[in-house]
1. If Val432 satisfies all but one of (1) at pLDDT 90 or above; (2) crowded, with 17+ Cβ neighbours inside 10 Å, what's the number of the condition it fails?
2. How many residues does the range 401-439 hold that are β-branched (Val, Ile, Thr), out of contact with any Lys or Arg (no Cβ under 6 Å at 6 or more places or on another chain) and not in a helix (DSSP H, G or I)?
3. Within the range 380-420, restricting attention to residues that are among the β-branched types (Val, Ile, Thr) and within 51 Å of the chain's Cα centre (by Cα), which residue is nearest to Ala476 (Cα to Cα)?
4. Could you tell me whether the range 35-48 includes any residue that is polar (S, T, N, Q), in the same structural domain as Ala107 (by TED's automatic domain parsing) and either touching a Gly at 6+ places or on another chain (Cβ under 6 Å) or at pLDDT below 80 (or both)?
5. Among the helices (runs of 4 or more DSSP H) lying completely within the range 50-152, list those that include at least 2 residues that are at pLDDT below 75 and under 30 Å from Thr270 (Cα atoms).
6. If you scan the range 80-107, which residues turn out to be farther than 25 Å from Gly30 by Cβ and either among the aliphatic types (A, V, I, L, M) or outside the structural domain of Ala55 (by TED's automatic domain parsing) (or both)?
Amino acid sequence: MILPAPRWTSAEDRVKEALVPLGRRIAGTGATLGTVALLSIVMLAVRPDVTPATAGLVLVIPVLVGVVTAGLAAGFVAVVAGFLAYDLLFVPPYYSLTVNRPLDWVALAIYTTVMIVLAKVVSSMQHARRAAQRRESDARRLFRLSDMLIEERRLADLCQLVADSVLDAFGSATTAAVVMPGDGGLEVVASAGPPLQEADLAAVLPAAGALAALRVDDPASGTVLRSFALRAARGGPVGLLVVKGALESEADQELLGAFANHVAMAIERTQLREQAMRAELLEEVDRWRNALVGSVSHDLRTPLSSVKAAVSDLRDPSVDLPAAQQDELLEMIEAQTDHLSRLVTNLLDMSRIDAGVLKPRRQPISIDDLVAEALSSLGSAVRNEAVRRPRPGSLPLVDVDHVLVAQVLANLLDNASRHAPPGTSIEVDAQVRGDQLEVAVTDEGPGVSAVDRQRILQMFDSRDGGGRAGLGLAIAKAFVEAHGGRLRVEDGRPRGARFVFDLPLAYGNPEMT
């Protein structure tokens, strides 16, 4: 009896079989035939003690070996080889395909049917297990790839991460690139692997600029180019993910398509975040501009009005002013002019801070000289005799930009003078703490509440409603931070406000005590 060759039962079986590598199928088929031969030789040695039923059960093993190692085709080969071995060696008459007894026909038929069913069942289980493993692997890859997109990054960094991740996760891909619309049309914004050639880009990028998925095959070179549209939630696609190189399976292509959707959402999120930051920046600029115009215009109007009134009185021939009153008006004009000069200086300093060009030019100097320079710049706004200073020569030199630190002291002294009651003194003291000199300016005014201590150091704060532009303290804070220090507000001793900041010591200076 000759058994006809088994037929594939469905197109699905052919697809599953194609997934098994050819080398593995050949090796598995050889192992199956070897197993049939080995088991047949072993049973042939004890054939008098082996029943046909036992032989049929033993020959199940080659079928299992064939299906597990090489797929359904090797299993069918094992069924055919097992059938021949069973009929020739263990069904009388031996060494002949002839079957005399009906019961043997039934045994052969049952053996063949059971083996074919068994091969199908085991093959289906194998493919189900491999499919589950593949889905688990795909889920892990997709999770790993998507997890990289959660962190906040700049758009350029995100696109480069996408290209690198695709090349790392899909080993058969040779090049990965992210293409997005630019000023000159579609542009490659990030790439991993060998750069795409002009011919590759011309083949895969749509001429009309429509972002859509595309596949280009070149049989001569074996090159496969695929583009995946990065479809965002709002509007159309935001770009293309271009991959060069044959992907291993349809599952890889589907996985890459799913990843492209995650990439599109990440890119869209990054673009929205950048747009929100730009909008927030514009809103902040408008707020600063309005605060600057309102605050500075008030500070300018007050001294200008005072100067205008004083000059008008001095020039009015109908007003006969005593010499003492004239001197008082001239002193007021000088004080208000100094105030305007300091305001303009603060505005210029603010522009330097905003432009990011504030770079201290350090040199050793004593705190005494810095206080003297600050008082000199304040002119008549602060009386020298009202300021208690450290004992000359009692403190080490500091390594600072004397212009900036003198401005810090001038702003703090001016602030203390304006808020301290008349007739009270302002104290400037300092002490060494580690490698820093801690400098403090203390007044006897109303002090600063705990909730206001951070706010008054910000630009344009006006906590007392007196029209102060709020630039002086904010600029003092910026100048101190430019030297690596920190400006802070504490309670005065026993009352008032105490502004404290740190300056670096000038180590190695021979004048240092």
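1. (2)
2. Here is the first cut: in the range 401-439, the ones β-branched (Val, Ile, Thr) are 403, 405, 408, 424, 426, 428, 432, 439.
This time we only want the ones that are out of contact with any Lys or Arg (no Cβ under 6 Å at 6 or more places or on another chain), so: 403, 405, 408, 424, 426, 432, 439.
Right, trim to not in a helix (DSSP H, G or I) and you get 424, 426, 432, 439.
The number of residues fulfilling the criteria is 4.
3. Within the range 380-420, the subset among the β-branched types (Val, Ile, Thr) is 382, 387, 398, 400, 403, 405, 408.
From what is left, the residues that are within 51 Å of the chain's Cα centre (by Cα) are 398, 400, 403, 405, 408.
On the way: Val398: 17, Val400: 14, Val403: 12, Val405: 8, Val408: 5 Å.
Out of the qualifying residues, it is Val408.
4. The answer is no, given that none of the residues of the range 35-48 is polar (S, T, N, Q), in the same structural domain as Ala107 (by TED's automatic domain parsing) and either touching a Gly at 6+ places or on another chain (Cβ under 6 Å) or at pLDDT below 80 (or both).
5. Working: elements: 52-58, 60-70, 72-90, 102-147.
Where helices (runs of 4 or more DSSP H) fall fully within the range 50-152 and carry at least 2 residues being at pLDDT below 75 and under 30 Å from Thr270 (Cα atoms), they are 102-147.
6. Initially, the range 80-107 is screened for residues farther than 25 Å from Gly30 by Cβ, giving 91-94, 96, 98-107.
Matches in the range 80-107: Val91, Val99, Leu103, Val106, Ala107.
The values are calculated or read from the model by the stated rules, or taken from the named source; none is laboratory data. Note that the coordinates shown come from a computational prediction; the quantities given were computed from them, not determined experimentally. Positions of Cβ are backbone-derived with ideal geometry, glycine not excepted, and every protein chain shown enters the neighbour counts.
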